[in-house]
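Participant: Here you go, one structure.
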Amino acid sequence: MTLTRRIDLRAAKGEDARQLLRREWLVTNGLGGYASGTISGNVAWRYHGLLIAALSAPFGRTVMLNHLGEFIRFPDGRRLQIGGEEPSRPDETGSLSHSIAEFRLENALPIWRYEVAGIILEKYVLFLQGQNTVHIHYRLLSSQAEVRLELGPSVHFRGHEHPVDEGSLDNYQFRASGEHYEITQGGDLPNLRLVLRGQEPAFTYDGASQREIYYQKDAERGYPSRGTLWSPGYFSVRLRPNRDATLIASTEWWHTMLALSPQEALGFYHDRHRRLIACADPALHSAPAAELVLAADQFIINPVGRVQDAARAHAAGDEVRTIIAGYHWFTDWGRDTMISLEGLTLATNRHTEAGWILRTFAHYIRDGLIPNLFPEGRSEGLYHTADATLWFFHALDRYVERTGDRATLRLILPRLADIISHHLRGTRFGIGVDPADGLLREGAPGYQLTWMDAKVGDWVVTPRRGKPVEINALWYNALRLFEGWLREERGSPGRSNLENSKPEGAISLPNPDDIAAHAQRACESFNRRFWYAQGSHLYDVVDGEEGDDAACRPNQLLALSLKHPVLDQQYWQPVLEAVRERLLTPLGLRSLSRDHPDYKPKYFGDLRARDAAYHQGTVWAWLIGPFIDAWLRVHPDDHAGARKFLDGFASHVDEACVGSISEVFDAEPPFTPRGCISQAWSVAEVLRAWVKVSEAVKES
């Protein structure tokens, strides 16, 4: 089976062409590295390039091959460019090359079809799984006797988040040894190694040149937008009908990057992607859901920079896996990982990797918290989060229910006891239970501890200090899950093993009746404190810095969508209706209702303007998952209605990152996609909800 998504570019012109320039493609390597660009071939911002390598700390992801100039040279000397032209001035937007007839994805592999002067040529970009090696492959489909393909590599080695004007290009050098070529910067970065496979390959060194280009999207986002690329010359290769040429670019050693021929690499790629679809839940075997199975694969990575993690895991007979929160700029985040785990790994039947992810994060528990994120190029996490740890309980529950892996539960259970103990007595960042009412409070000056975490300089846009609604819904759910696990394990044959598995210094396992008492008290206080009768919905925060916050936000959904809903049933219908009327869109939920004075209808502009709108109206795709959970809890027989809430995503996979789902959208029509072009929890929650509504329809 080959999944194909096709975009006809021949008729594009004017405004249509400008919109097409904003569509992007993405391929990844299972290490966090990627290649990406516009479907037109233009480089529009700092994250675009043909080889963004995932390197060990302290480098992190590094742009190693920015662009290829692509030309066809005819026997009569004519030379035609076939790729997109790079803009060099702010008044240019780049052009949709008249030669590009079609862009398509085949099992998520990006393929371009060029038609110019009687030439028909196809290209694909393949990133090898588990390597920082990319194949850029060309095939002549038309019947010309002979043409030559010329490829001019352009580079600017830098961290993928670093400014495009960073550093000097004066120390770049190019050297050749037979058919092997290398570009070096003269520092500690690995060399960029290049090989051209095909008929009569050659390289012409032209003394090296530099050219300035304009990065349109960086300019729009308020970042430096002029950068310079260095090029040593150009490769050339003879093309004949149905004969191939492949440029291989890599930061690996020669024997690794050349271990697979282009034909072998392509075959393994398609075999692997077909296998991913075949192994997924049957509800995900056809498009567009099957395409999202392949998109999900891009987020599950082996973090190559964390050498100690790998050594520890290998000693225990495990492997290290984590989840990249989004492309291009996110690393692995605890919250995003735990929310995404069910959709990315369990719906796709990648149970072994789910276990690796949970055990990896369990190792990092400190002071009752899991990391909020791992910064680029670093091995230690940052812990400033109030909810990621509580989502860990949810993810573990979904894993154990799906797999029956009680061994992992028993391994982690003492760590969960430590988490509960720290939260009951209080831990870092003001996170702890209020003894007055049993509710969980959080907050520390200068920190944003919930998922609404935008911050610009010292300005925390939505601090939500106090007792946020979803934090307490997650806390109650965690207590009930923990109580249930304790009761299940208390008399089980694995009890002695459970006691022996306690990590050094961990507390003894508590009595489940004591945990139940904490949960009951939190539930009673929650229903007494959070119901906002005037608005017929829940307060977003109680006991906040300015009192109780009555803003209508999607966070309240978790009070009825989680496995153990903290909200009394009498409030389910009005809360769901308030969210449906005021927050629901075809692509997720608004983060704030329109009637609030802080509501922002668009997410655009420089960093300060974007972050001011990030959680103040901007639509988040991942929230469609909790909404569908809540909908089916209130309307358990309305399977068809629940399914319709996913319809908007079927057309969105042709926008932004083709074949994936964006992070956020404007809060008003036409709901323009914004933020990360491909976001883990967006893809994960649509996949999870897809399976859930499909199972409900099947059971009915």
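Residues checked against (1) under 26 Å from the mean Cα position of the chain (by Cα); (2) within 25 Å of S168 (Cβ to Cβ); (3) crowded, with 20+ Cβ neighbours inside 10 Å; (4) modelled with pLDDT of 95 or more:
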site	(1), (2), (3), (4)
P201	no, no, no, yes
D244	no, no, no, no
T251	yes, yes, yes, yes
P262	no, no, no, yes
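Participant: Now for a separate question. Check off (1) under 27 Å from R402 (Cβ atoms); (2) at pLDDT 95 or above; (3) basic (K, R) for R674 and give me the number that stays unchecked.
Facilitator: Condition not satisfied by R674: (1).
Participant: Right, something else. Given the conditions (1) under 25 Å from Q556 (Cβ atoms); (2) touching a residue at least 60 places away in the same chain (Cβ under 8 Å); (3) among the acidic types (D, E), and given that D638 satisfies all but one, which numbered condition is not satisfied?
Facilitator: With respect to (1) under 25 Å from Q556 (Cβ atoms); (2) touching a residue at least 60 places away in the same chain (Cβ under 8 Å); (3) among the acidic types (D, E), D638 is out only on (2).
Participant: I'm checking my understanding of the structure. Among residues of segment 595-627 that are of a type in the set (A, V, I, L, M) and at pLDDT below 95, which one is surrounded by the most Cβ atoms within 10 Å (Cβ to Cβ)? Write out each step before concluding.
Facilitator: As a first pass, look at segment 595-627 and keep what is of a type in the set (A, V, I, L, M): 607, 609, 612-613, 619, 621, 623-624.
The next check asks that each one be at pLDDT below 95; those that pass are 607, 609, 612-613.
On the way: L607: 13, A609: 16, A612: 19, A613: 25.
Looking at residues that are of a type in the set (A, V, I, L, M) and at pLDDT below 95, I get A613.
Participant: Quick one: E483 ticks every box in (1) in contact (Cβ under 8 Å) with a residue 12 or more places away in the chain; (2) not in a helix (DSSP H, G or I) bar one, so which box is it?
Facilitator: (2)
Participant: Here's a follow-up. If you take the residues in segment 560-578 that are hydrophobic (A, V, I, L, M, F, W, C) and over 26 Å from the mean Cα position of the chain (by Cα), which one is farthest from A519 (Cα to Cα)?
Facilitator: Within segment 560-578, the first condition is being hydrophobic (A, V, I, L, M, F, W, C), and the residues that meet it are 560, 562, 566-567, 572, 575-576, 578.
Going one step further and asking which of them are over 26 Å from the mean Cα position of the chain (by Cα), we end up with 560, 566-567, 572, 575-576, 578.
Values: L560: 15, V566: 9, L567: 12, W572: 19, V575: 22, L576: 23, A578: 26 Å.
Filtering first and then ranking leaves A578.
Participant: Further question: I'd like to verify a number: residues in segment 447-475 that are modelled with pLDDT of 95 or more and either in contact with a Cys (Cβ under 6 Å, 6 or more places away or on another chain) or among the acidic types (D, E) (or both), how many?
Facilitator: 1
Participant: If you go through segment 586-618, how many residues are under 16 Å from T672 (Cβ atoms) and hydroxyl-bearing (S, T, Y)?
Facilitator: Going through segment 586-618, the residues under 16 Å from T672 (Cβ atoms) turn out to be 586-588, 590-591, 600-605, 609-610, 613-614, 617-618.
Still in the list and also hydroxyl-bearing (S, T, Y): 591, 603, 614, 618.
Residues flagged as under 16 Å from T672 (Cβ atoms) and hydroxyl-bearing (S, T, Y) within segment 586-618 amount to 4.
Participant: What helices (runs of 4 or more DSSP H) completely inside segment 256-349 contain at least 1 residues that are under 23 Å from I624 (Cβ atoms) and of a type in the set (D, E)?
Facilitator: 289-297, 334-341
Participant: Inspect segment 655-671 for any residue being part of a helix (DSSP H, G or I), in contact with a Phe, Trp or Tyr (Cβ under 9 Å, 6 or more places away or on another chain) and among the aromatic types (F, W, Y) and give the result as yes or no.
Facilitator: Step one: list which residues in segment 655-671 are part of a helix (DSSP H, G or I), which gives none.
No, segment 655-671 contains no residue that is part of a helix (DSSP H, G or I), in contact with a Phe, Trp or Tyr (Cβ under 9 Å, 6 or more places away or on another chain) and among the aromatic types (F, W, Y).
Participant: Name the residue that is modelled with the highest pLDDT, counting only residues in segment 145-167 that are more than 18 Å from Q216 (Cα to Cα) and surrounded by fewer than 16 Cβ atoms within 10 Å (Cβ to Cβ).
Facilitator: If we take residues in segment 145-167 being more than 18 Å from Q216 (Cα to Cα) and surrounded by fewer than 16 Cβ atoms within 10 Å (Cβ to Cβ), then G167 is modelled with the highest pLDDT.
The values are calculated or read from the model by the stated rules, or taken from the named source; none is laboratory data. Because the structure is predicted, anything quoted here is derived from the model rather than measured. Here the Cβ is made from the backbone with ideal geometry for all residues, glycine too, and neighbour counts use every protein chain on show.
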